[in-house]
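Chemist: Here you go, one structure.
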Amino acid sequence: GLIYKTTDGGLHWTKQLDASQPTPARFRSIGFADSLLGWAGVLSNPTAYLWQTTDGGTNWSVVPNLPSGPIGMCGISVVNQSVIYGCGIYNPVSPHLVKTTNGGQSWTAINMSTQAGSLVDCYFWSPDSGFVVGSGVSGSGLGQKKAIVLVTSNGGQTWQSSYSGNRTGELSWKITFPSPNLGFVSIWPATSTQPQFYLKTTDRGVTWQEEQLPFNNSGEGIGFIADGSKGWIGGWGTTYETTNGGTTWTLNTTLVNLNRVRFVNDTLAFASG
């Protein structure tokens, strides 16, 4: 239930919000349109799943008049100051996409239960075109789900399958595009004994290639530099890195419990988890 802010690249942090009592807000995602306007998603709260600030985080409040249906926001994608998307949650109970086209003054919710069993992350490169990732509709619990990537070109009105996995017990977890055509999706396995995979595209998601990792790990956070040569993938516990586009991987002892990587450019990135 805590939100912190840094203005010196992470050297110092100031607590802006404590929503830990009486029930923790359990913030799951965050995105800003500029230095003042931003949103934070909550893991599970059907009446307060999205918070907002209009003054750079000095004050936070639950978004008023939230549309019913979603119970949490695992992923947020800010396209510009007017168009923002959010999706959730990872549990196969209430997959929804929410969007605003007026900078957060009003929001609409899109029920995705006929296309997905769960939603974890989203990435939109234009006001109308983007991806959501999570799991398919088949199977009951997380151990029976299969990883998916869905794409829309009309703001979420209709969706097509961009990738559909064949293995059970997998969720597409995080999606990242270090350059317009080059993208990656981490795949979370339900058990630690499952083979570990991630997805790669070089044509902006028209096709995806499954890449198997030489280790078993909880695949959550993933990040690459723009040419795709150097990258990291991790989850609960260990993180691995590559310097040759995934041909070989080595243990990275600095990044622990990795859930999200955000690149500002090829030399500056932030990771959390």
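The values are calculated or read from the model by the stated rules, or taken from the named source; none is laboratory data. Since this is a predicted model, take the numbers as computed values, not measurements. All Cβ positions, even for glycine, are placed from backbone atoms using ideal geometry, and neighbour counts span all protein chains on display. Ligands, DNA and RNA are excluded from the accessible area calculation, which covers all protein heavy atoms including side chains. Shrake-Rupley method; radii C 1.70, N 1.55, O 1.52, S 1.80 Å.
Chemist: With respect to residue 76, is the statement that it is β-branched (Val, Ile, Thr), open to solvent by less than 10 Å² (accessible area, probe 1.4 Å), in contact with a Ser or Thr (Cβ under 7 Å, 6 or more places away or on another chain) and within 21 Å of residue 176 (Cβ to Cβ) true?
Modeler: In short, no.
Chemist: Right, here's the next one. Look through 31, 9 and report the one residue that is at pLDDT below 95 and under 19 Å from residue 260 (Cα atoms).
Modeler: 9
Chemist: Checking the condition touching a strand residue (DSSP E or B) at 6+ places or on another chain (Cβ under 8 Å), hydroxyl-bearing (Ser, Thr, Tyr) and open to solvent by less than 40 Å² (accessible area, probe 1.4 Å), which residue from 85, 90 passes?
Modeler: Among 85, 90, only 85 is touching a strand residue (DSSP E or B) at 6+ places or on another chain (Cβ under 8 Å), hydroxyl-bearing (Ser, Thr, Tyr) and open to solvent by less than 40 Å² (accessible area, probe 1.4 Å).
Chemist: Within the stretch 129-144, restricting attention to residues that are assigned to a loop (DSSP other than H, G, I, E, B) and under 18 Å from the mean Cα position of the chain (by Cα), which residue is modelled with the highest pLDDT?
Modeler: 129
Chemist: Could you list, in sequence order, all residues of the stretch 6-29 that are in a strand (DSSP E or B) and surrounded by 19 or more Cβ atoms within 10 Å (Cβ to Cβ)?
Modeler: The answer is 17, 28, 29.
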